[in-house]
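Enquirer: First, the structure itself, so that you have it in front of you.
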Amino acid sequence: MSQNGRDDRGPHIKSAEEVAIMREAGRIVARAHEAMREMIQPGVTTAQLDAVAETVIRDHGAIPAFLNYPKKDSPNFPASITASINNELVHGIPSKNRVLQEGDIISLDTGAIYQGFVGDAAYTYPVGDVPPAVQRLLKVTEEALYVGIEASVLPNHTKDVCLAIHRFVAEHGYDVAREYTGHGVGRRMHEEPQVPNWWPSRRMARKMKWVSYPLQVGMTYALEPMVIAGRAETDELDDKWTVVTKDGSLCAHFEHTIAITEGEPVILTLP
Ligand code: MG
């Protein structure tokens, strides 16, 4: 799940033991994704995907991190996954009335709390066959995630990661959502550092109170490029959660939770 808004308490640095617990939380998230991936086909509802993810998470002794997640001026999130179809960017609410159709793309995001720590990951999938242009959007978005992961090494700052993602996406002719960002993950799903998929001018960053932190061993955050094929402007639907592209264009979303080390970062949300 992406962040919209920030706190200013600074990054929370985890011990090796805490990172090990987060790895277990991430593994459970990966299992939930595997179960959903196997189900994706025309005729399946997003409520069915939600139910299977919740079952996997609870069967592993974890708690769905998204269920009842609070948001200012909105009802708490009512499900264990967000399911966002086609022009829906993030935070779509699962429903038994949303049926996958051949040619759709669906972004599935889920999180688990295990022994007090959160894992958070998202993937976008084609439903059946999709045109090459759509396959390219998914490929570039997933690659942008890995560009961000590769940039997550000492002595970079978070801003370097943000700019690397944005540069890669722009080079491929797409743009990123401005309002929703990657974020620190730990005992809470959203904490510092905020890791957007772009970075504003110095003056604007100051005005927006965005802070670029030097990476530190034990820093844990979720990177989540949200890539839009058209104009990078979004609206929120009347359900107060679902974010859609303003111009109706397609969009994709890939996310992993990672931990910073002395060397390569560790992806915590792999199986
Ligand atoms: Mg997230």
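The values are calculated or read from the model by the stated rules, or taken from the named source; none is laboratory data. Values in this document were obtained by computation on a predicted structure and should not be read as measured data. Here the Cβ is made from the backbone with ideal geometry for all residues, glycine too, and neighbour counts use every protein chain on show. Side chains are part of the model used for accessible areas, which takes the heavy atoms of the whole protein and leaves out ligands, DNA and RNA. Shrake-Rupley method; radii C 1.70, N 1.55, O 1.52, S 1.80 Å.
Enquirer: Does any residue of segment 244-257 turn out to be under 17 Å from V161 (Cβ atoms), at pLDDT 95 or above and among the acidic types (D, E)?
Expert: Yes, segment 244-257 contains at least one residue that is under 17 Å from V161 (Cβ atoms), at pLDDT 95 or above and among the acidic types (D, E).
Enquirer: Looking at this structure, is T181 buried (at least 24 other Cβ atoms within 10 Å of the Cβ), within 25 Å of L100 (Cα to Cα) and among the polar types (S, T, N, Q)? Write out each step before concluding.
Expert: Numbers: buried (at least 24 other Cβ atoms within 10 Å of the Cβ): yes; within 25 Å of L100 (Cα to Cα): no; among the polar types (S, T, N, Q): yes.
For T181, the condition - buried (at least 24 other Cβ atoms within 10 Å of the Cβ), within 25 Å of L100 (Cα to Cα) and among the polar types (S, T, N, Q) - is not met.
Enquirer: Does segment 151-163 contain any residue that is among the polar types (S, T, N, Q), modelled with pLDDT of 95 or more, open to solvent by less than 40 Å² (accessible area, probe 1.4 Å) and within 16 Å of the ligand (Cβ to nearest atom)?
Expert: So the first thing to find is which residues in segment 151-163 are among the polar types (S, T, N, Q), and the list is 152, 156, 158.
Now restrict to residues that are modelled with pLDDT of 95 or more: 152, 156, 158.
Then keep just the ones that are open to solvent by less than 40 Å² (accessible area, probe 1.4 Å); that gives 152, 158.
Among the residues that remain, those that are also within 16 Å of the ligand (Cβ to nearest atom) are: 152, 158.
Yes: one or more hits.
Enquirer: Here is a follow-up. Give the number of residues within segment 44-64 that are in contact with a Ser or Thr (Cβ under 8 Å, 6 or more places away or on another chain), among the hydrophobic types (A, V, I, L, M, F, W, C) and closer than 20 Å to R188 by Cβ. Don't jump to the end; show me each part of the working.
Expert: Step one: of segment 44-64, the residues in contact with a Ser or Thr (Cβ under 8 Å, 6 or more places away or on another chain) are 45-47, 50, 53-54, 57, 64.
This time we only want the ones that are among the hydrophobic types (A, V, I, L, M, F, W, C), so: 47, 53, 57.
Retained after the next criterion (residues that are closer than 20 Å to R188 by Cβ): 57.
Matching residues across segment 44-64 total 1.
Enquirer: Of the residues E192, E224, which is surrounded by 23 or more Cβ atoms within 10 Å (Cβ to Cβ), under 24 Å from K71 (Cβ atoms) and under 17 Å from the mean Cα position of the chain (by Cα)? Steps first, please.
Expert: Numbers: E192 fails: surrounded by 23 or more Cβ atoms within 10 Å (Cβ to Cβ).
Going through E192, E224 in turn, just one is surrounded by 23 or more Cβ atoms within 10 Å (Cβ to Cβ), under 24 Å from K71 (Cβ atoms) and under 17 Å from the mean Cα position of the chain (by Cα): E224.
Enquirer: A follow-up question, please. Against the definition (closer than 20 Å to D175 by Cβ and either β-branched (V, I, T) or open to solvent by 10 Å² or more (accessible area, probe 1.4 Å) (or both)), how does P200 come out, yes or no? Give the derivation first.
Expert: Numbers: closer than 20 Å to D175 by Cβ: yes; either β-branched (V, I, T) or open to solvent by 10 Å² or more (accessible area, probe 1.4 Å) (or both): yes.
Yes: the conditions hold for P200.
Enquirer: Here's another thing I want to ask about it. Which one of L237, L270 is free of Cβ contacts under 8 Å to residues at least 40 places away in the same chain, open to solvent by 10 Å² or more (accessible area, probe 1.4 Å), of a type outside the set (D, E, K, R) and closer than 23 Å to I81 by Cβ? Let's see the steps before the verdict.
Expert: Numbers: L270 fails: free of Cβ contacts under 8 Å to residues at least 40 places away in the same chain.
Criteria check complete, one pass: L237.
Enquirer: A further question on this structure: Can you go through L100, L89 and tell me which one is in contact with a Cys (Cβ under 6 Å, 6 or more places away or on another chain) and not polar (S, T, N, Q)? Break it down into steps so the answer makes sense when it comes.
Expert: Working: L100 fails: in contact with a Cys (Cβ under 6 Å, 6 or more places away or on another chain).
Result of the check over L100, L89: L89.
Enquirer: Suppose the filter is within 16 Å of the ligand (Cβ to nearest atom) and within 18 Å of the chain's Cα centre (by Cα); does A229 pass it?
Expert: On the way: within 16 Å of the ligand (Cβ to nearest atom): no; within 18 Å of the chain's Cα centre (by Cα): yes.
No; evaluated as a whole, the condition is false for this residue.
Enquirer: A follow-up question, please. Looking at segment 96-145, which of its residues are farther than 28 Å from W198 by Cα and either among the aromatic types (F, W, Y) or within 14 Å of the chain's Cα centre (by Cα) (or both)?
Expert: Y114
Enquirer: Continuing with the same structure: Out of S80, S107, which single residue is of a type in the set (S, T, Y) and more than 29 Å from V211 (Cα to Cα)?
Expert: Of the residues listed, the single one that is of a type in the set (S, T, Y) and more than 29 Å from V211 (Cα to Cα) is S80.
Enquirer: Hey, another quick one. Would you mind telling me which numbered condition in (1) within 14 Å of the ligand (Cβ to nearest atom); (2) without any contact (Cβ under 8 Å) to a residue 40 or more places away in the chain; (3) not small (G, A, S) E191 fails?
Expert: Here E191 meets the rest and fails (2).
Enquirer: Related question: Looking only at residues that are part of a helix (DSSP H, G or I) and open to solvent by 20 Å² or more (accessible area, probe 1.4 Å) in segment 51-60, which one is nearest to R27 (Cα to Cα)? Let's see the steps before the verdict.
Expert: Just the residues of segment 51-60 that are part of a helix (DSSP H, G or I), to begin with: 51-59.
If we keep only those that are open to solvent by 20 Å² or more (accessible area, probe 1.4 Å) too, we end up with 51-52, 54-56, 58-59.
Numbers: A51: 18, V52: 16, E54: 14, T55: 15, V56: 11, R58: 13, D59: 13 Å.
Here the residue is V56.
Enquirer: Can you name the residue in segment 80-106 that is open to solvent by less than 20 Å² (accessible area, probe 1.4 Å) and hydroxyl-bearing (S, T, Y) and is also farthest from L138 (Cα to Cα) among such residues?
Expert: Ranking the qualifying residues of segment 80-106, first place goes to S80.
Enquirer: Do any helices (runs of 4 or more DSSP H) lying entirely in segment 117-208 carry at least 1 residues that are on the phi < 0 side of the Ramachandran plot and in contact with a Ser or Thr (Cβ under 7 Å, 6 or more places away or on another chain), and which ones are they? Working first, answer last.
Expert: Values: elements: 132-150, 158-171, 202-208.
In segment 117-208, the matching helices (runs of 4 or more DSSP H) lie at 132-150, 158-171.
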